[in-house]
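**Student:** First the structure, which I've put down as structure tokens, then a few questions once you've had a look.
The values are calculated or read from the model by the stated rules, or taken from the named source; none is laboratory data. Just so we're clear, the structure is a prediction, and the values are computed from it rather than from any experiment. As a convention, Cβ positions derive from the backbone with ideal geometry for all residues, glycine included, and neighbour counts pool all protein chains shown.
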Amino acid sequence: MREISTAGPKFVLFGSMRFCPAAARAIPLALALASSASLGAEPATTPRASAAAPALTYTGKPFPPPGSPADQALLGSLLQAQAGVASERAIAVRTTQRLGADGVDRDLAALERSQAPGAAKRTGDVRARLLGAWGKVTEVMTARWAVDPRIGCRPEGIELEVLMLATPDSPAAAQLPLARSKARSCLDRQLLMLRPLERANRDLEDAAAETRALLTAAPGRADAGAGASASTGKP
């Protein structure tokens, strides 16, 4: 393992692959969440997992379980948020890993140095947007999350789901208001990290697509654009 320097972020070379160290720290967790996913990044048009209606509950039963519409909606939001966390963290890892491995920042820096002042300024702006978006994804991924992304709100969700099945006159039914409160609190804390990651991922996907177009259009640099293309999942 050896460090290499670029005009942009500091990278560490592992064999033939380059990774930003901060992003690499997040890789084991997100890859565990998406072990069946391919290395290529999600296309920008792919629907987010947090927008999909859940099919199963925490206990593996069809969604929604019996209960009030409000409790069903709350349980559905918990399930959607957890799916969104897994999906967005996997997208972040795949995108940053591929950008680092393909040396996209290096190629942009080389292109900028070879251009006339006006074109170099435009390339520098594209590079700044890419590195800014890349840094934001890394920042969110490596921050301390208020809710453990590996577990999410699963304990609160299971408790809510079980108590939703209680008959109104049973002792368990009396615990439902507290379970609702705990579930809502957990959901709010989870969304505090999920929403910024969704935005950061979209910004990075857009910046990678812009980079792909620039590198592909540059004379003699069609191959260099392939790395950014793979990062966005676009042809």
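**Student:** Hey, any hits in segment 128-137 for a residue that's under 16 Å from ALA200 (Cα atoms), of a type in the set (D, E, K, R) and in contact (Cβ under 8 Å) with a residue 40 or more places away in the chain?
**Tutor:** Checked against the condition, which is being under 16 Å from ALA200 (Cα atoms), of a type in the set (D, E, K, R) and in contact (Cβ under 8 Å) with a residue 40 or more places away in the chain, segment 128-137 yields at least one hit.
**Student:** So, in segment 110-126, of the ones that are under 15 Å from ALA207 (Cα atoms), in contact with a helix residue (DSSP H, G or I) (Cβ under 9 Å, 6 or more places away or on another chain) and of a type outside the set (Lys, Arg), which residue ends up surrounded by the most Cβ atoms within 10 Å (Cβ to Cβ)?
**Tutor:** This residue is THR123.
**Student:** If you take the residues of segment 131-180 that are hydroxyl-bearing (Ser, Thr, Tyr) and part of a helix (DSSP H, G or I), which of them is surrounded by the most Cβ atoms within 10 Å (Cβ to Cβ)?
**Tutor:** Going through the qualifying residues, I end up with THR138.
**Student:** Now for a separate question. Identify the residue in segment 84-121 that is among the basic types (Lys, Arg) and either without any contact (Cβ under 8 Å) to a residue 24 or more places away in the chain or touching a Lys or Arg at 6+ places or on another chain (Cβ under 6 Å) (or both) and, among all such residues, is farthest from PRO219 (Cα to Cα).
**Tutor:** The initial filter retains those residues of segment 84-121 that are among the basic types (Lys, Arg), namely 89, 94, 98, 106, 113, 121.
Of the ones still in play, those that are also either without any contact (Cβ under 8 Å) to a residue 24 or more places away in the chain or touching a Lys or Arg at 6+ places or on another chain (Cβ under 6 Å) (or both) are 113, 121.
On the way: ARG113: 14, LYS121: 17 Å.
Top of the filtered list is LYS121.
**Student:** Still on this structure, please answer the following. Please verify whether ARG98 is charged (D, E, K, R) and surrounded by fewer than 15 Cβ atoms within 10 Å (Cβ to Cβ), treating the condition exactly as stated.
**Tutor:** No: the conditions fail for ARG98.
**Student:** Which of (1) over 14 Å from the mean Cα position of the chain (by Cα); (2) modelled with pLDDT of 95 or more is the odd one out, the single condition VAL137 does not satisfy?
**Tutor:** (1)
**Student:** Also, I was wondering about something else. Which of the numbered conditions does LEU75 fail, given that it passes all the others? Conditions: (1) at pLDDT 75 or above; (2) surrounded by fewer than 16 Cβ atoms within 10 Å (Cβ to Cβ); (3) assigned to a helix (DSSP H, G or I); (4) under 23 Å from the mean Cα position of the chain (by Cα).
**Tutor:** The one condition LEU75 does not meet is (2).
**Student:** For segment 135-180, enumerate the residues that are closer than 30 Å to SER114 by Cα and in contact with a Leu (Cβ under 6 Å, 6 or more places away or on another chain).
**Tutor:** VAL137
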